[in-house]
Amino acid sequence: MSDEGGTDPGAGGRQGLLSRTALGVFRLNGQFLSVSEELARPAGLTAAWWQVLGAVLREPLSVADIARSMGITRQSVQRIADLLAAKGLAEYVPNPAHRRAKLLSPTEAGRAAVARIGPGHAALATRLAEALGEDGFAETVRVLERLSAVLDTLPPLPDTPAP
């Protein structure tokens with residue numbers, strides 16, 4: 001019997017594909033967090049600190065903007081931003097567009113800490129490119145970016161009554 005509607009998660013229908021995608025992404029997230037912790041540790045950072053500092057390397061951003069770009073809660077970013085500021089790795093600067101929502105900006109110490117991660121980051125990128133092939137690596141990025149973009153465009157799920 002075919003599973004065209006995708007009601008059987010184990011049969012490879014639509015629900016099965018969604019389940020496999022979600023489980024794969026959850027596993028990948030754990031793997032990236034573990035590798036990120038290893039890369040960040042020698043620089044005196046955690047993966048979360050590196051993530052927030054990395055978000056503001058090009059330009060200062062508000063905590064809300066950082067949270068939106070990373071897909072995490074504003075409260076989580078606020079806690080990390082405050083820790084980074086307390087450790088002298090980032091600072092709050094005035095926001096010309098909004099008097100109360102200050103912008104987070106890396107300090108020179110914060111930029112130096114992220115720079116110390118560079119060699120390990122480059123080595124991992126090289127290893128992944130060798131294992132996946134350049135085209136495979138680029139395709140992986142395209143597929144993940146496309147999936148994220150599509151999820152951003154979907155309307156919220158309707159409330160479904162319990163059976």
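The values are calculated or read from the model by the stated rules, or taken from the named source; none is laboratory data. Bear in mind that the values here come from a model prediction, so they are computed numbers and not experimental data. Here Cβ is always computed from backbone atoms with ideal geometry, including for glycine, and neighbour counts include all displayed protein chains. These area figures cover heavy atoms from the full protein model, side chains too; ligands, DNA and RNA do not enter into them. Shrake-Rupley method; radii C 1.70, N 1.55, O 1.52, S 1.80 Å.
One table, with the values for the structure above:
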item	result
Sites excluded, trypsin sites (Lys or Arg not before Pro) in DSSP loops with at most 11 other C-beta within 10 Å, longest stretch of the chain	101-163
Rounded percent of accessible protein surface that carbon and sulfur make up, the chain, 1.4 Å probe	58 percent
Derived scalar couplings ³J(HN,Hα) [the stretch 94-106; Karplus, 6.51 cos²θ - 1.76 cosθ + 1.60; whole Hz; x for Gly, Pro]	x, 10, x, 8, 7, 4, 8, 8, 5, 9, 9, 9, x
Interchain or long-range residues, amide H under 5 Å from Ser62's placed H	Leu104
Surface accessible to a 1.4 Å probe, per residue, for the residues of the chain, Å²	72 Å²
Gained length - Arg100 relative to Phe32, 0.36 nm times residue gap less alpha-carbon distance	21.1 nm
Built amide H within the under 5 Å cut-off of Glu91, gap 5+	Ser105, Thr107
Principal axes of the chain: Cα extent on each, largest first, Å	63, 43, 24
Label-to-label distance, nm, for residues given as Ser19 and Arg142 (7 Å Cα→Cβ offset)	3.0 nm
Simple label model, 7 Å out from Cα along Cβ direction - Thr126 to Ser69, nm	2.8 nm
